[in-house]
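Report on the structure given below.
The values are calculated or read from the model by the stated rules, or taken from the named source; none is laboratory data. This is a predicted model, so every value here is computed, not measured. A quick note on method: Cβ atoms are made from the backbone with ideal geometry, for glycine too, and the neighbour counts reach across all protein chains shown.
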Amino acid sequence: MTTFLGMPAGGGNLTGEPFPKAAREALGNAQLRRNLAKATGTIRAKRANVVGELPDWAQLRAAGAAIKDEVLANLDEHLVRFEEALTSRGTHVHWARDAGEANRIVADLVRATGTREVIKVKSMATVEIGLNEALAGIGVHAVETDLAELIVQLGKDKSSHILVPAIHRNRSEIRDVFRREMPGVDPDLTDDPRALAEAARRHLRHKFMTVDVAISGANFGVAETGSLVVVESEGNGRMCLTLPRTLISVVGIEKLVPRWQDLEVFLQLLPRSSTGERMNPYTSVWTGPTEGQTSHVVLVDNGRTATLADPDGRAALRCIRCSACLNSCPVYERTGGHAYGSTYPGPIGAVLSPQLTGVDRNPTLPFASSLCGVCYDVCPVAIDIPAMLVHLRGRVASAKGTTPESTAMRALAWAMADARRWRRLVRLGRFGRLASRHVPLPGWSTARDLPQPPKETFRDWWESSR
Amino acid sequence: MSARDEVLARVRRAKGPREVAPVPREYRAAGTRGPGDLELFAERLRDYRARVRVVAVDEVADAVAAALRDRGARHVVTASGVPPEWTATWAAAGTVPPSAPPSAPPSAEQAGSGEPVELSDPVSRIESRVPLGGDAREALREIVAAADAVVTACHVAVAETGTIVLDHDAADQGPRALTLVPDYHLVVVRAEQVVAGVPDAVAALDGVRTQTWISGPSATSDIELERVEGVHGPRTLEVVIVR
């Protein structure tokens, strides 16, 4: 096992094809690259604009990082306090070691209500654990109500972005999905975003009014009060949280903040970083069952404790899923999210997914970056993603044991440890002029020319021309 | 070992030192920026394409009546604690004249199971505390689904972000479904409720209230990240600011 301290790894939708292979396929899709360049360009400009408006952005970012570190340093105590606050108000709290256990808990709760259909608020945790598939297994249809999740669900597609799962689709592709898959849709539906949103409204209105079980995630859980917070735009979240009799919220154990006051930081950092708005249209806060509802909270580990165990990797758990790093990443902009093979794509996915699953099950993701560092600059909780990528590359390399590369590096270290030895060896390097023309280095020389060693070493030139 | 004990044991094994540096709170804190700027608040709201009317204290009833008339509202729901005089002028003038076309599509799309209920009074007043158990919830759903406008007060509002916070435990703001299902939401905000920034609003609330923070009408950016107003929540938000 390559998770830290033998901590059990997470399962669910966190692995895919090796990144280089999947990225190569994605890069062949010109439509995808056009869609992504347009969308990420738009959102980057919006974000920069509203972040620039706040004179205290740097201070908010420092506070956001510190609050999350405070939670992680005493996560057990905060979890227990959160659980107490929830139970004392009548919410049922469940714990899940991994994806499978979380799915079983939710499936049992849903089965007990007798419903054949549930409505869902957009939730990364439930995509991560593969909840929809698990519910389908017991004959329950989970209806995604977020517009982008609905587009993905109707198109039998996969999410490619944390915030906008259908970012890889443009308006005419979405119109085609709706015309093909949405029951009772106007066959003359246009590709005007307004018309598409209206079609979704009509399609879901009846579900909101009749389905009696909802499943949500949570953006934040407040340990001291037991409050849950859902941040959204469309109102589908409010519909799901408000109208059904049973509400089941699936929450990763790292989603806590210690105090109610801490939301003053995150409710500024999150909307400006994610949709590039001063504030998102709707934020719901509820504490315990409200207005006659039955409420359940499922606290999920699924590899989070394995992430917590690595001192150089645990800061990835600060992530508030804003997606600013995806929107800014030159690699993500070209490959799109599917190439990462995980529910969490982009720079944060490249550090979070391998930690949740163990690097042995995601060995290519730490290399899916040019280390340009823009992800760190835009991260509202200051996760040093580039440093973490380098650290994880090290973990991947040491997990591999002895390879030709590691042997070569060890030989080089030996050669460079002594000045005279090094000098002699560098002189020998001139013979490499022959080798470079005739010896192919598979994998390396297919896309590059092997540089020719010079006729004379620098040291020899220096001594002769002094 | 139960899942709970095992997850907690894993956390204890995994985490580092318990000592943490205190959180640096050098950002603009609550109470340091004075009252909220009403002009900025109105500008931010308009930026979200909310409609804004700024009026004096004695003009609230007229402003509400004008807004509901312009909207073509026929049946209005409101929270039980909303001052009756806010909607009295509109109710006394009678509902929409038959010749005026409704500005919203017929509420049939909002119907859940079966036909929408007919509301006999122009104004229905809804209690905040919906009792546990099925019938009251059903009745509430039917009323809000049949209404075409909702009028409430608010708890606090943020000038910098154009945000209005509803406290659903307060009698003049109503249960959550009240301000969600009708397609048009009219909020009356008093000047002294407008604070400068988000920290001021968080300080004015506490985490055990059921809250909705509203910043403009329902919107989505899910198609090519272009903002479209009006998905599932009220498609029109109108704000009467009492200066």
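For this structure, a couple of remarks:
- Answer from A:Val426, A:Val390 - the residue that is surrounded by 11 or more Cβ atoms within 10 Å (Cβ to Cβ) and within 23 Å of the chain's Cα centre (by Cα): A:Val390
- Verdict on B:Val239 being within 12 Å of the chain's Cα centre (by Cα) and more than 9 Å from every other protein chain (Cβ to nearest Cβ): yes
- One residue alone among A:Arg238, A:Arg334, A:Arg314, A:Arg318 is facing chain B (nearest Cβ under 10 Å), of a type outside the set (Val, Ile, Thr) and touching a residue at least 60 places away in the same chain (Cβ under 8 Å), and that residue is A:Arg314.
- Of all residues in segment B:191-216, those satisfying the criterion of being facing chain A (nearest Cβ under 7 Å) and touching a strand residue (DSSP E or B) at 6+ places or on another chain (Cβ under 8 Å) are B:Val198, B:Gly207, B:Val208, B:Thr210, B:Gln211, B:Thr212, B:Trp213, B:Ile214, B:Ser215, B:Gly216.
- Criterion applied to A:Leu308, A:Leu243 was being crowded, with 24+ Cβ neighbours inside 10 Å, more than 24 Å from the chain's Cα centre (by Cα) and facing chain B (nearest Cβ under 7 Å), and the one residue passing it is A:Leu243.
- Pairing residues of segment B:1-19 that are closer than 17 Å to A:Ala306 by Cβ with residues that are assigned to a helix (DSSP H, G or I) and among the β-branched types (Val, Ile, Thr), at Cβ distances under 8 Å and at least 6 apart in sequence or on separate chains, gives B:Val7/A:Ile253; B:Val7/A:Thr305; B:Leu8/A:Val80; B:Arg10/A:Thr305; B:Val11/A:Ile253; B:Val11/A:Thr305; B:Arg13/A:Thr305; B:Ala14/A:Thr305.
A quick yes/no check of all residues on (1) at pLDDT 95 or above; (2) closer than 30 Å to B:Gly207 by Cβ; (3) β-branched (Val, Ile, Thr):
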site	(1), (2), (3)
A:Ser295	yes, yes, no
A:Val300	yes, yes, yes
A:Leu308	yes, yes, no
A:Ala316	yes, yes, no
A:Ile320	yes, yes, yes
A:Ser328	yes, no, no
A:Pro354	yes, no, no
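- Boolean, B:Ala3 is at the interface with chain A (Cβ under 8 Å from one of its Cβ atoms) and of a type outside the set (Asp, Glu): yes
- Applying the criterion of at least 2 residues that are free of Cβ contacts under 8 Å to residues at least 60 places away in the same chain, under 20 Å from A:Pro244 (Cα atoms) and not basic (Lys, Arg) to the helices (runs of 4 or more DSSP H) found wholly in segment A:37-123 leaves A:99-113.
- Extreme residue, farthest from the chain's Cα centre (by Cα), among residues of segment A:6-22 that are surrounded by fewer than 20 Cβ atoms within 10 Å (Cβ to Cβ) and in a helix (DSSP H, G or I): A:Gly6
- Exclusive hit being facing chain B (nearest Cβ under 7 Å), among the hydrophobic types (A, V, I, L, M, F, W, C) and either surrounded by 24 or more Cβ atoms within 10 Å (Cβ to Cβ) or farther than 26 Å from B:Glu226 by Cβ (or both), set A:Val251, A:Val257, A:Val222, A:Val300: A:Val222
- For segment B:218-229, the set of residues classified as within 7 Å of chain A (Cβ to nearest Cβ), part of a loop (DSSP other than H, G, I, E, B) and within 29 Å of B:Asp167 (Cα to Cα) consists of B:Ser218, B:Ser221, B:Asp222, listed by residue number.
- Filtered by the rule that a residue be part of a helix (DSSP H, G or I), out of contact with any Leu (no Cβ under 8 Å at 6 or more places or on another chain) and not small (Gly, Ala, Ser), segment A:23-36 gives A:Arg24, A:Glu25, A:Leu27, A:Gln31, A:Leu32, A:Arg34, A:Asn35, A:Leu36.
- Which listed residue is surrounded by fewer than 19 Cβ atoms within 10 Å (Cβ to Cβ) and at pLDDT 95 or above, from B:Ala63, B:Ala30: B:Ala30
- Residue in segment A:67-89 that is of a type in the set (A, V, I, L, M, F, W, C), farther than 23 Å from A:Gly292 by Cβ, facing chain B (nearest Cβ under 10 Å) and in contact with a His (Cβ under 8 Å, 6 or more places away or on another chain) present: yes
- Qualifying residue in segment A:321-344 (condition: in the same structural domain as A:Arg111 (by TED's automatic domain parsing), more than 22 Å from A:Ala66 (Cβ to Cβ) and out of contact with any strand residue (DSSP E or B) (no Cβ under 9 Å at 6 or more places or on another chain)): no
- Test: residue in segment A:182-199 that is within 29 Å of the chain's Cα centre (by Cα), more than 12 Å from chain B (Cβ to nearest Cβ) and closer than 19 Å to A:Trp286 by Cα: no
- Considering each residue of segment A:319-341 in turn, at least one proves to be surrounded by fewer than 24 Cβ atoms within 10 Å (Cβ to Cβ), under 14 Å from the mean Cα position of the chain (by Cα) and among the basic types (Lys, Arg).
- Checking the stated criteria, A:Ser227 turns out to be at the interface with chain B (Cβ under 8 Å from one of its Cβ atoms), out of contact with any Leu (no Cβ under 7 Å at 6 or more places or on another chain), buried (at least 24 other Cβ atoms within 10 Å of the Cβ) and closer than 26 Å to A:Ile383 by Cβ.
- Those residues of segment A:280-323 which are farther than 23 Å from A:Ala63 by Cα and charged (D, E, K, R), in sequence order: A:Glu291, A:Asp301
- Only a single criterion out of (1) in contact (Cβ under 8 Å) with a residue 60 or more places away in the chain; (2) more than 19 Å from A:Asn280 (Cβ to Cβ) is not satisfied by B:Leu237, namely (2).
- Hey, B:His232 within 12 Å of another protein chain (Cβ to nearest Cβ), assigned to a strand (DSSP E or B), touching a Leu at 6+ places or on another chain (Cβ under 8 Å) and surrounded by 24 or more Cβ atoms within 10 Å (Cβ to Cβ) or not: no
- Residue in segment A:193-200 that is assigned by TED's automatic domain parsing to the domain that holds A:Asn103, farther than 19 Å from B:Gly233 by Cα and among the basic types (Lys, Arg) present: no
- Number of the exception - B:Val188 against (1) in a strand (DSSP E or B); (2) within 11 Å of another protein chain (Cβ to nearest Cβ); (3) touching a Ser or Thr at 6+ places or on another chain (Cβ under 8 Å): (2)
- Taking the criterion of being surrounded by fewer than 24 Cβ atoms within 10 Å (Cβ to Cβ) and part of a loop (DSSP other than H, G, I, E, B), the residues of segment A:370-382 that qualify are A:Ser370, A:Leu371, A:Cys372, A:Gly373, A:Ala382.
- Out of A:Leu299, A:Leu356, one residue alone is touching a helix residue (DSSP H, G or I) at 6+ places or on another chain (Cβ under 7 Å), outside the structural domain of A:Asp377 (by TED's automatic domain parsing), touching a residue at least 12 places away in the same chain (Cβ under 8 Å) and not in a loop (DSSP other than H, G, I, E, B). It is A:Leu299.
- The condition of being of a type in the set (Lys, Arg) and at pLDDT below 95 holds for only one of A:Arg34, A:Arg47, that being A:Arg34.
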